[in-house]
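S.K.: Following this message is one structure expressed as structure tokens.
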Amino acid sequence: MYQIGRDKMSFASDTKSELLNIKSDKCCLLAELAALLAIHGHVAISNEGLKIEFSTTNLKIARRVISSIKTLYHVDVDIVSKKQMKLTKHDQYIVIIKHKANTIINELGLLNQDEPIEPNFLMKECDQKAYLRGAFLASGSINSPASSSYHLEIFTHQEGLALALKDLMNTFHLNAKMVARRTGYITYIKESEKISDFIRVVGANNALFTYEDERIKRDFVNSITRVMNMDIANQNKTLEAADKQLRNISIIENMIDLERLPRSVTEAITLRKELPEASLKELSQASLDVLGKSVSKSALNHRYRNIQELADDLMESVKDDEYRN
């Protein structure tokens, strides 16, 4: 089970490890192999004729390719390990396929520029899922479900293949998109629900459980945070409104005799001074105890608008007197 404390690549790595343990029928194994070789395979010419080279930094994936080749075509392959020149701890593994290379290239459609994905792998749903599984194994990545954003992508060097992957994903209603980058093309999914659907499609059931569990926890925390922020914002608005009303009341009390005001206004003043931090709803609920009668929220709102207008008029008159003097 994935642990949050592990590095951010662990969830993708664990998902791939689970996918590598899936036992497939021959047709699905062929589709998966086709995707692996289409993305990280390279057709070259040697003295012995055509050969296919598949490169990866994941030894388990290299073994999966070797096992699939032996199962499907009954031929031996070579594997070479190379030290990476870049600052990375991972070696590069190159699987070299010489025997039956022509057959494999033709059957998997590796040199078909018009149809980046061999149509035979699109006829059955199980083959479509297997092809996506192989593509994800080859160059897929997925953010940890505990991270701050949701993102799944598959990188390819060929635009046609990236578009074909996008279309294939969208046959499962995954809302996939494609974008060009300096070094290649990325087919990606951003929506958390659609990423969950992709994991289900390729068959990583344990990863799906982990992803859904973390996603639900994260969404719950986010919902609680939004509610708390709304409560804080509403409380701040209430305090600002109450403070403004108290300032207006202070202006009125300092400039005129309150007995000259309508009873409804003096009641609103009394209520606000009695409960200086209350909301209109709370003032309405307390009006029976404070005033001896119930006053609705809308009525109080109307009275405080009158108080605001009266305070504004009084301040304006002071300014006019100062101007005349």
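S.K.: Can you pull the one-decimal nm distance between simple spin-label points at Asp91 and Thr57, each 7 Å off the Cα toward Cβ?
M.R.: Result: 1.5 nm between the two label points.
S.K.: Given a 1.4 angstrom probe, what's the average accessible area per residue across the chain, in square angstrom?
M.R.: 58 Å²
S.K.: Let me ask something else about it. When the helix-only estimate is applied to the chain (DSSP H runs of n ≥ 4, each -39,500 (n - 2.57), divided by the residue count), what is the mean residue ellipticity at 222 nm, nearest 500 deg cm²/dmol?
M.R.: Helix-only estimate at 222 nm: -19500 deg cm²/dmol.
S.K.: Does a label point 7 Å from the Cα of Glu125, set along Cα-to-beta-carbon, have any residues of the range 189-219 with amide nitrogen under 12 Å, and which are they?
M.R.: Hits in the range 189-219 for Glu125 at 12 Å: 201.
S.K.: Moving to a separate point now. Running a GNM on the chain with Cα contacts under 10 Å, which residue among Pro119, Pro262, Pro145 ends up with the highest mean-square fluctuation?
M.R.: Pro262
S.K.: Right, next: Running Debye on the range 87-155 with equal point scatterers at the Cα sites and no solvent, what base-10 log of I(q)/I(0) appears at q = 0.19, 0.28 Å⁻¹?
M.R.: One equal scatterer on each Cα of the range 87-155 leads to -1.02, -1.24.
S.K.: Evaluate 2.2 N^0.38 Å with N set to the residue count of the range 3-74, then give the Cα radius of gyration divided by it.
M.R.: The range 3-74 yields a ratio of 1.31.
S.K.: Then there is this: Hey, which aspartates and glutamates would be in cross-link range of Lys70, C-alpha to C-alpha under 19 Å, not counting anything within fewer than 8 residues on its own chain?
M.R.: Of all the aspartates and glutamates, those that pass the test against Lys70 - Cα under 19 Å, at least 8 places apart if same chain - are Asp25, Glu32, Glu53, Asp78, Glu107.
S.K.: Can you compute log10 of I(q)/I(0) for the range 130-190 with the Debye formula, treating each Cα as one identical point scatterer, at q = 0.26, 0.30 Å⁻¹?
M.R.: Taking Cα atoms of the range 130-190 as identical point scatterers yields -1.14, -1.35.
S.K.: At what distance in nm do the modelled label points of Asn306 and Glu274 sit from each other, each positioned 7 Å from its Cα along Cα→Cβ?
M.R.: 1.8 nm
S.K.: Which one, Asn102, Asn306, Asn234, has the greatest fluctuation when you compute a Gaussian network model over the chain with C-alpha springs under 10 angstrom?
M.R.: Checking each option, the largest mean-square fluctuation is seen for Asn306.
S.K.: Enumerate the helices in the chain for which the Kyte-Doolittle hydropathy averages 1.0 or more and the C-alpha atoms extend at least 18 Å along the helix's axis, using complete DSSP H runs.
M.R.: Span-like helices, by this rule, are 26-40.
S.K.: Does a label point 7 Å from the Cα of Lys98, set along Cα-to-beta-carbon, have any residues of the range 38-66 with amide nitrogen under 20 Å, and which are they?
M.R.: 41-56, 63, 65-66
S.K.: Next question. What do you get for Rg/Rh over the range 75-220 if you use C-alpha atoms and the Kirkwood form of Rh?
M.R.: Answer for the range 75-220: 1.00.
S.K.: What is the Å³ per residue value for the convex hull set by the Cα atoms of the chain?
M.R.: Each residue corresponds to 245 Å³ of Cα convex hull volume.
S.K.: I want to verify a result. In a Gaussian network model of the chain, Cα cutoff 10 Å, which of these has the top mean-square fluctuation: Ile269, Ile142, Ile22?
M.R.: Evaluated over the chain, the most mobile residue of the options is Ile269.
S.K.: Measure out, as a whole number of angstrom, how far apart the alpha-carbon centroids of the range 95-123 and the range 248-268 sit.
M.R.: Cα centres, the range 95-123 to the range 248-268: 89 Å.
The values are calculated or read from the model by the stated rules, or taken from the named source; none is laboratory data. Keep in mind the model is a prediction, meaning the values are calculated, not measured. Using ideal geometry, Cβ is built from the backbone for each residue, glycine included, and neighbour counts are taken over all protein chains shown. Heads up: the accessible areas ignore ligands, DNA and RNA and are worked out on the full protein's heavy atoms, side chains in. Shrake-Rupley method; radii C 1.70, N 1.55, O 1.52, S 1.80 Å.
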